[in-house]
Amino acid sequence: MVWTASPAQAGPSIVVDLKSGKVLAQEEAFRRWYPASLSKLMTAYVAFRAIKAGEVTLKSPVTISKNAAKEPPSKMGYKPGSVLTLDNAIKIIMVKSANDVATAIAESIAGSEKAFATRMNAESRRLGMSGSHWVNAHGLHDDEQYTTARDMAFLALAIRREFPENVGYFAIEGLAAGKVKLPNHNTLIGRFDGADGMKTGFTCPAGFNLVASATREGRTIIAVLVGEASVSQRAEKAAQLLEDGFKRNQSFASSLAALPVGGGMLAEATNMRPVICTEEARKQRAENRDEDGSMIIRSPYIRDLDREPRLVAVGLGGATGPKSPAAAVEYANVPIPTPRPDYKPATQTAVQ
């Protein structure tokens, strides 16, 4: 479905209070949308669940396979056979949004992309994310990978509530990979009062997406917005939604779980490509930069970062322990002979 809209039209959004789960504002929160790299929040969540279940640890190896190395950018470009810790892998997908590393996480935990997607869908159902379906861990476009703003709010709440010890992954200002500095694409971190995560996303069909959180005086607000026309518009809208959220009285607000289904486009995802990836749209985004090439953000709530970003070092190596049981056996890519009728085949030989 192609949505013939102008860039000025707003995409779906929702604002929720972390502690109460109350919906402070929402617009078309049930509308189906392509998640882009917001998918990596679900990838991280599945990884956290695997750690909690004792399948892996943060020091477990994540191996870059030939399949993972072939993923399109954004990527780290690690060679097949490279190994890093799950800890570093999660940091990389949250900041760099590296698709090769996301696929490697999926394969290293579940044995294959398909098996990991099965876990993603199972977790969605368990959390009550009724409008989502997953086929990959990275969020590169697939017509069958979709979600809603409401569902992403469910996921964000689950991450913050179930794994408070892991919230630091979503607030990293940047990474240092050797001599290379990798800034976080979340413009609010370090620039919006109280900002502490979570994840950006972009593809031509999805537009510019963001799950953003901020904490002030012990209260955390989460905003989800999808389908914005640029990074600057995404940041400006998120800042406004969060700022308004802190001011709203939630006494009579509906809980996220009780939010009534409404709006259109519930069964077919919006495609923003005709709006986002045209020469005119690219030109408009390019014009929204100053003489130094820095993006111009017109928001009273977002300040300039008056210091260097705080970088966290990542790299290869450091992994300990075996692979996840699901990924421990790799089978040879050779034909399996057909047995004669009176022959009982032995168990398939594993190549370690």
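Structure data summary
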quantity	calculated
Residue tally, condition hydrophobic (A, V, I, L, M, F, W, C), open to solvent by 10 Å² or more (accessible area, probe 1.4 Å) and assigned to a helix (DSSP H, G or I), over region 132-156	1
Test: residue in region 185-196 that is at negative phi, outside any loop (DSSP other than H, G, I, E, B) and surrounded by 22 or more Cβ atoms within 10 Å (Cβ to Cβ)	yes
Tally, over region 45-64, of residues that are in a helix (DSSP H, G or I), of a type in the set (Val, Ile, Thr) and open to solvent by 40 Å² or more (accessible area, probe 1.4 Å)	1
Hits in region 25-60 (condition: basic (Lys, Arg) and farther than 19 Å from residue 74 by Cβ)	31, 32, 49, 52, 59
Residue identified as outside any helix (DSSP H, G or I) and at pLDDT 95 or above among 94, 42, 129, 120	129
Residues located in region 37-56, provided they are touching a helix residue (DSSP H, G or I) at 6+ places or on another chain (Cβ under 6 Å) and among the β-branched types (Val, Ile, Thr)	43, 46, 56
Any hit, region 199-218, residues being without any contact (Cβ under 8 Å) to a residue 12 or more places away in the chain and on the phi > 0 side of the Ramachandran plot	yes
The listed residue being among the polar types (S, T, N, Q) and more than 22 Å from the chain's Cα centre (by Cα), out of 254, 213	254
Where a residue in region 230-254 is among the acidic types (Asp, Glu) and its partner, wherever it lies, is open to solvent by 40 Å² or more (accessible area, probe 1.4 Å) and at pLDDT 95 or above, with Cβ under 8 Å and at least six apart	243/301
Flag if residue 251 is in a loop (DSSP other than H, G, I, E, B), among the polar types (S, T, N, Q), at pLDDT 80 or above and open to solvent by less than 40 Å² (accessible area, probe 1.4 Å)	no
Residues of region 97-117 satisfying the condition of being surrounded by fewer than 24 Cβ atoms within 10 Å (Cβ to Cβ) and not in a helix (DSSP H, G or I)	111, 112
Residues being in contact with a His (Cβ under 8 Å, 6 or more places away or on another chain) and either open to solvent by 10 Å² or more (accessible area, probe 1.4 Å) or in a strand (DSSP E or B) (or both) - total across region 203-230	2
Test set (1) outside any helix (DSSP H, G or I); (2) under 16 Å from the mean Cα position of the chain (by Cα) - residue 182 fails condition number	(2)
Options 172, 159; residue that is in a loop (DSSP other than H, G, I, E, B) and either in contact (Cβ under 8 Å) with a residue 60 or more places away in the chain or in contact with a helix residue (DSSP H, G or I) (Cβ under 7 Å, 6 or more places away or on another chain) (or both)	172
Region 246-299: number of residues that are farther than 18 Å from residue 15 by Cβ and hydroxyl-bearing (Ser, Thr, Tyr)	3
Number of the condition not met by residue 89 [criteria: (1) in contact with a helix residue (DSSP H, G or I) (Cβ under 6 Å, 6 or more places away or on another chain); (2) within 30 Å of residue 262 (Cα to Cα)]	(2)
Tally of residues being surrounded by 15 or more Cβ atoms within 10 Å (Cβ to Cβ) and on the phi > 0 side of the Ramachandran plot across region 266-314	0
Only one of 199, 237 that is of a type outside the set (A, V, I, L, M, F, W, C), buried (at least 18 other Cβ atoms within 10 Å of the Cβ), at pLDDT 95 or above and assigned to a strand (DSSP E or B)	199
Single condition residue 143 does not satisfy, out of (1) among the charged types (D, E, K, R); (2) in contact (Cβ under 8 Å) with a residue 60 or more places away in the chain; (3) closer than 30 Å to residue 174 by Cβ	(3)
Odd one out for residue 67 among (1) open to solvent by 40 Å² or more (accessible area, probe 1.4 Å); (2) under 18 Å from residue 35 (Cα atoms); (3) not in a loop (DSSP other than H, G, I, E, B)	(2)
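The values are calculated or read from the model by the stated rules, or taken from the named source; none is laboratory data. On a predicted model such as this, the values are computed, not experimentally measured, just so you know. Heads up, the Cβs are rebuilt from the backbone with ideal geometry, glycines too, and the neighbour counts pull from every protein chain shown. Only protein heavy atoms, including side chains, enter the accessible area calculation; ligands, DNA and RNA are left aside. Shrake-Rupley method; radii C 1.70, N 1.55, O 1.52, S 1.80 Å.
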